[in-house]
Amino acid sequence: MGRHIIPKGVGPVKVWRLPGNSGWTVWDGRTGRNSFSLPCRDRAQAEELCRRINEHDHDGEIWT
């Protein structure tokens, strides 16, 4: 299990397939310094984390 800090300025996130079939990630669509990306084991975990982040069902951190 790992702890991931969710920044305050993160907007709506979406599930994104990484290039080369190398996995799934939760991504806010930004690039550069202000981007937020959270790699996941599979699509089910990515969708669950996406739902929790978008519904603000966390206290600034998520355990995976």
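The values are calculated or read from the model by the stated rules, or taken from the named source; none is laboratory data. Computed from a prediction, not measured in an experiment: that's the story for all the values here. Cβ: placed from backbone, ideal geometry, glycine included. Neighbour counts: every protein chain shown. All accessible areas refer to the heavy atoms of the entire protein, side chains included, with ligands and DNA or RNA removed. Shrake-Rupley method; radii C 1.70, N 1.55, O 1.52, S 1.80 Å.
Some values worked out for this structure:
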read-out: Of residues in the range 24-33 being surrounded by 13 or more Cβ atoms within 10 Å (Cβ to Cβ) and either modelled with pLDDT under 90 or among the charged types (D, E, K, R) (or both), the one farthest from the chain's Cα centre (by Cα); value: Arg30
read-out: Some residue of the range 1-23 being hydrophobic (A, V, I, L, M, F, W, C), surrounded by fewer than 11 Cβ atoms within 10 Å (Cβ to Cβ) and not in a strand (DSSP E or B); value: yes
read-out: All positions within the range 24-56 that are touching a residue at least 24 places away in the same chain (Cβ under 8 Å) and assigned to a loop (DSSP other than H, G, I, E, B); value: Asn34, Phe36
read-out: Count of the range 34-64 residues which are closer than 19 Å to Gly23 by Cα, open to solvent by 70 Å² or more (accessible area, probe 1.4 Å) and modelled with pLDDT under 90; value: 1
